[in-house]
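S.K.: Sharing a structure below in structure tokens format, with a few things to ask.
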Amino acid sequence: MSELTVTRIATFQEPAYVATWLGLKPSACAAPLEVPGLLVKSVQFDGVWGSGGEIILEGSIDGERYFPLHTPSGEDVRAVYPALIAVAECCRFIRPRILKGDATTAIDTLLLAGRLR
């Protein structure tokens, strides 16, 4: 399982958090982040994509079954190259998952989450 690091950052009004999963491999399962009440989210995908690297962001309410999360326009939050993407859904757990890649694939995922004012 890929290690998850969460950092609280100071903002002008409400605290926000940055969750970091580094070097995700196609065979690894990322540790989920519990994010109830954090409604504003965006995700950044970067790193080594290898041959055919693809990553998706998934969410769950029960922590057992995960489903693709979506952008505000309804597309899956997935990438095949470095990207910064807004996340529409509110769910209890979030995790990235590598869909495809080769032995060199090592994708970093950073999630910014906060509350609405």
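The values are calculated or read from the model by the stated rules, or taken from the named source; none is laboratory data. Everything numeric here is computed off the predicted structure, so don't read it as measured data. Every residue, glycine as well, gets a Cβ built from its backbone with ideal geometry; the counts of neighbours run over all protein chains shown.
S.K.: Among the residues of the stretch 48-71, are any outside any strand (DSSP E or B), under 23 Å from SER27 (Cα atoms), of a type in the set (S, T, N, Q) and out of contact with any Phe, Trp or Tyr (no Cβ under 6 Å at 6 or more places or on another chain)?
M.R.: The answer is yes, given that some residue of the stretch 48-71 is outside any strand (DSSP E or B), under 23 Å from SER27 (Cα atoms), of a type in the set (S, T, N, Q) and out of contact with any Phe, Trp or Tyr (no Cβ under 6 Å at 6 or more places or on another chain).
S.K.: Got a number for residues in the stretch 58-117 being touching a strand residue (DSSP E or B) at 6+ places or on another chain (Cβ under 7 Å), free of Cβ contacts under 8 Å to residues at least 60 places away in the same chain and aromatic (Phe, Trp, Tyr)?
M.R.: 2
S.K.: Take the residues of the stretch 80-90 that are surrounded by fewer than 19 Cβ atoms within 10 Å (Cβ to Cβ) and more than 12 Å from PHE45 (Cα to Cα): which is modelled with the highest pLDDT?
M.R.: Among them, the one singled out is ALA88.
S.K.: Got at least one residue in the stretch 41-56 being buried (at least 16 other Cβ atoms within 10 Å of the Cβ) and either farther than 22 Å from THR5 by Cβ or free of Cβ contacts under 8 Å to residues at least 40 places away in the same chain (or both)?
M.R.: The answer is yes; a qualifying residue exists.
S.K.: THR105 - would you say it is of a type in the set (Ser, Thr, Tyr), out of contact with any Pro (no Cβ under 6 Å at 6 or more places or on another chain) and at pLDDT 95 or above?
M.R.: no
S.K.: Checking LEU99 against (1) touching a Lys or Arg at 6+ places or on another chain (Cβ under 9 Å); (2) part of a loop (DSSP other than H, G, I, E, B): exactly one of these is not met. Which one?
M.R.: (2) is the only condition that LEU99 fails.
S.K.: Looking at the structure I just gave you, is ALA30 modelled with pLDDT under 95, small (Gly, Ala, Ser), closer than 17 Å to ARG115 by Cβ and crowded, with 18+ Cβ neighbours inside 10 Å?
M.R.: When the stated conditions are applied, ALA30 does not pass them.
S.K.: Please verify whether ILE85 is among the hydrophobic types (A, V, I, L, M, F, W, C) and touching a Cys at 6+ places or on another chain (Cβ under 9 Å), treating the condition exactly as stated.
M.R.: No.
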